[in-house]
Amino acid sequence: MNSTSLKKLKTCHADLVKLALAVDEVYPIQVICGARSKEDQDKAFAEKKSKLKYPKSKHNVGKEAGRELSDALDAVPDPDRNPKTIAWANLKEFEIMCLVFESKAEELGIKIRLGRDFSFKDWPHVERA
């Protein structure tokens with residue numbers, strides 16, 4: 001995982017940090033989002049990258065959101081460890097990533113929900129359940 005991903009991962013709950021690092025050991029990923037401030041969430045909502053306004057998203061942190069660390073992260077598959085070649089439309093790679101997240105979460109005893117299972121298919125999203 002690259003330094004940018006690790007920086008974003010540090011904004012997440014310890015369970016998500018442990019889970020993402022375990023996933024990355026067997027299937028390379030990049031973390032593209034961890035915590036979001038009110039401003040970040042408002043921007044994500046305005047750009048239709050989120051269905052929820054602040055403080056409703058598990059990405060949200062701050063006094064109003066009631067958490068200091070994010071209870072969600074967004075990750076993308078990065079099998080060749082090159083963030084410039086992320087295949088956003090390759091749903092097969094996203095499905096593999098989701099299966100690895102599920103498997104590792106079970107091994108670690110961490111309960112998660114995947115955006116893949118939402119009605120609007122938010123493939124990168126992983127949150128603590």
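What follows draws every value from the coordinates through simple rules; no lab data is involved. No experiment lies behind these values; they were computed from the predicted model shown.
Results, tabulated for the structure shown:
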item: Lysines with Cα under 28 Å of Lys56, excluding same-chain neighbours fewer than 8 positions away; result: Lys7, Lys8, Lys10, Lys18, Lys38, Lys43, Lys48, Lys104, Lys111, Lys121
item: Full-stretch length increase - Thr4, Lys111 - with 0.36 nm per residue and alpha-carbon distance subtracted; result: 36.0 nm
item: Helix-only [θ]222 nm of the chain, DSSP H runs n ≥ 4, -39500 (n - 2.57) each, per residue, nearest 500; result: -11000 deg cm²/dmol
item: Gain in span if fully extended, Lys18 to Glu95, counting 0.36 nm per residue against the direct Cα distance; result: 25.7 nm
item: The chain: antiparallel DSSP beta bridges as a percent of all, rounded to 5; result: 85 percent
item: The chain: Cα Rg divided by the 2.2 N^0.38 Å rule of thumb; result: 0.98
item: Quarter of Cα convex hull surface for the range 13-85, i.e. mean projection, nm²; result: 5.3 nm²
item: With eigenvalues of the C-alpha gyration tensor scaled by 5 and rooted, the range 56-122, Å; result: 24, 16, 13
item: Degrees between helix 14-26 axis and first principal axis of the chain (Cα, 0 to 90, nearest 10); result: 20 degrees
